[in-house]
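Undergrad: Got a structure for you, written out below as structure tokens; questions coming shortly.
The values are calculated or read from the model by the stated rules, or taken from the named source; none is laboratory data. Computed from a predicted structure; not experimentally measured. Cβ placement follows ideal geometry from the backbone for every residue including glycine, while neighbour counts extend to all protein chains displayed. When the accessible area is computed, the model is the full protein with side chains, heavy atoms only, and any ligands, DNA or RNA have been set aside. Shrake-Rupley method; radii C 1.70, N 1.55, O 1.52, S 1.80 Å.
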Amino acid sequence: MTITLSDQDKSTLRIAAYGAVALMAAAGAAGRPHKIATSGSIALGSATGLIGHVLAEYPKVTDLAGRSVAEIADRVLPALTAAMNLLKQQDPAEAGNFRGAVLVAVETAQTHQGRPGPATAAMARKITEALDAARMAVTGSGAVPEAAAGQDRPELRKAIEEIVESGFLGVSLRVRDERGEWTGSAGVAELGGTAKPPVNGHARIGSNTKTFTATLVLQLVAEGKLELDIPAADYLPEFGLDRRITVRMLLQHTSGLFNFTGEVYDDGTVVHGIPVPYSTTGKEWVDNRFHTYRPEELVRLALSKPARFAPGTGWSYSNTNYVLARLLIEKVTGRSLAEEMQRRILGPLGLSGTVVPDASPEIPEPHAHVYYRYEDAGEQQTIDITRHNPSWVSTGGDMISTSQDLATFISALIGGKLLPAPLLAEMCTPHATGIPNMDYGLGVFIQKTDCGGTVITHNGGTVGSAALMYGTPDGGKTLTAVLHWVDDADLSIAAAFQTAQQKLVNEVFCGEQADPAQPTD
């Protein structure tokens, strides 16, 4: 029987496999291990209906009585590997997502158990080996397996090594294209160390947060809970917003609202908001980097400052817009942004490495470290600021993710899996920003490449690190990367960062058609 998987089928397979493995892993630490493991062994089949039952035969509950957790895992492996092989034939990128979701389930269960017992360890080993064997299998589709693709991309390896040589501590890169998936890293994960950055480490993704948030707002628009072209004040009357400011203007950065992280005006004048790691407030930010700001506080500070322009008459990037977007989401849903993000985007896409931290300073392992250099009493100090409270930027850029999750997200978004076609079209409709070859839609930049193509992007930089996220308009080719460095108040890395971005974009989306050494404004 030939199976053609729909997008919903792929998502269901991934979620069911995660659940099955999580249940089996939990069995090793539970008082009723065989009952829980039995439930896990049949979850993949029962949750996926016809697809699951065609992929593999599932044992009856009575077949599993008295068996160990590792033995029960053996009964699920055929289904997991069959699913992996089928996905590899039909959607190689989704096969990577499937494998990642299953392995995260194993890792999460082991973390929760503290030191897992031998049964759980054996189960983890068997599942990992089976998935890796399936991943390495060459399918009839001609897709290049991930490992094979990684051996044949010297140009990508050279690009990330050159970026490190330009002043970065480390960089990790993930590319998905017609040749398969390639991942690699260069540099070091921390000062004084020798280990490379993890290829799928967690990182603070900065303003990529805005794309996640805009997507959630547009989902609420699709459901009729919000409207793009009515005053934002109708939803948030407590702030006394200018009634000319619409929901669309918040997502598009055309509201004119003051940016609570500070503004630099055309004449060079700087008007500060909250203390940030740059300019004259760097030391103050360091001293208060575990302080908690609430979203309402940031909005009220912004509203106490003069607007840059009348609503709808210009474009200016303002984190205030996206903190208001967060408050809109929470107002109309009655749930926190983190809950809605999990329910609507992270859960359905299996983005298990993505976190909405609110005010938590923690970042999940594995991750590279980031640093800040400043002067104190006439002496240079360099400190590790990997842990800090991200509420200072809030929904302007507080989320944590991985290169794998970002690739899955941007591909799903621009591939039409998260929004109805008309709203996706509005999201990607360019609005002039004044930045050469860089227009803005609703939560995404629409960028022209040096070779005349178009990419959908929204990179994000936060203190000491940045995450890059690019995709072609059909979602078929993606570039995601994480960079980290020693930051300072003078933004000393800024020029090298612009060059690094352009180098990677040209290498992945233009090949030899553009000079990767030339930055753009």
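Undergrad: Only one of these conditions is not met by Gly334: (1) on the phi > 0 side of the Ramachandran plot; (2) open to solvent by less than 10 Å² (accessible area, probe 1.4 Å). Which number is it?
TA: The number of the failed condition is (2).
Undergrad: Could I ask something else about it? Just for helices (runs of 4 or more DSSP H) wholly inside the range 251-342: which have at least 1 residues that are of a type outside the set (Val, Ile, Thr) and under 24 Å from the mean Cα position of the chain (by Cα)?
TA: Where helices (runs of 4 or more DSSP H) fall fully within the range 251-342 and carry at least 1 residues being of a type outside the set (Val, Ile, Thr) and under 24 Å from the mean Cα position of the chain (by Cα), they are 295-303, 319-333, 337-341.
Undergrad: Looking only at residues in the range 169-184 that are open to solvent by less than 10 Å² (accessible area, probe 1.4 Å) and touching a Pro at 6+ places or on another chain (Cβ under 8 Å), which one is farthest from Met469 (Cα to Cα)?
TA: Gly170
Undergrad: Which of the numbered conditions does Gly282 fail, given that it passes all the others? Conditions: (1) in contact with a Phe, Trp or Tyr (Cβ under 7 Å, 6 or more places away or on another chain); (2) at pLDDT 95 or above.
TA: Of everything listed in (1) in contact with a Phe, Trp or Tyr (Cβ under 7 Å, 6 or more places away or on another chain); (2) at pLDDT 95 or above, Gly282 misses just condition (2).
Undergrad: Considering each of Thr449, Thr457 in turn, give the residue that is at pLDDT 95 or above and of a type in the set (Val, Ile, Thr).
TA: Thr457
Undergrad: Of everything in the range 234-245, what is surrounded by fewer than 22 Cβ atoms within 10 Å (Cβ to Cβ) and within 30 Å of the chain's Cα centre (by Cα)? Give them in sequence order.
TA: Answer for the range 234-245, where residues must be surrounded by fewer than 22 Cβ atoms within 10 Å (Cβ to Cβ) and within 30 Å of the chain's Cα centre (by Cα): Tyr235, Leu236.
Undergrad: Look at Ala222 and say whether it is of a type in the set (Gly, Ala, Ser) and open to solvent by less than 50 Å² (accessible area, probe 1.4 Å).
TA: Spelling it out, it is not the case that Ala222 is of a type in the set (Gly, Ala, Ser) and open to solvent by less than 50 Å² (accessible area, probe 1.4 Å).
Undergrad: Of the conditions (1) modelled with pLDDT under 90; (2) open to solvent by 60 Å² or more (accessible area, probe 1.4 Å), Ala514 clears all except one; give me its number.
TA: (2)
Undergrad: For the range 246-293, how many residues meet the condition of being small (Gly, Ala, Ser) and open to solvent by 10 Å² or more (accessible area, probe 1.4 Å)?
TA: The qualifying residues number 4.
Undergrad: Just to be sure I understand the filter: pairs with C-beta atoms under 6 Å, separated by 6 or more residues or on different chains, first member in the range 415-429 and at negative phi, second member open to solvent by less than 20 Å² (accessible area, probe 1.4 Å) and polar (S, T, N, Q). Which pairs pass?
TA: Leu418/Thr215
Undergrad: I would also like to ask the following. On the basis of being without any contact (Cβ under 8 Å) to a residue 60 or more places away in the chain, part of a loop (DSSP other than H, G, I, E, B), more than 15 Å from the chain's Cα centre (by Cα) and within 20 Å of Asn208 (Cβ to Cβ), does Gly452 make the cut?
TA: Criteria not met by Gly452.
Undergrad: Cβ contacts < 8 Å: first residue farther than 24 Å from Pro198 by Cα, restricted to the range 476-501; second residue part of a helix (DSSP H, G or I) and open to solvent by 30 Å² or more (accessible area, probe 1.4 Å), any location; separation 6+ or different chain. Result?
TA: Gly476/Ser411; Ala489/Ser279; Ala489/Thr280; Ala489/Lys283
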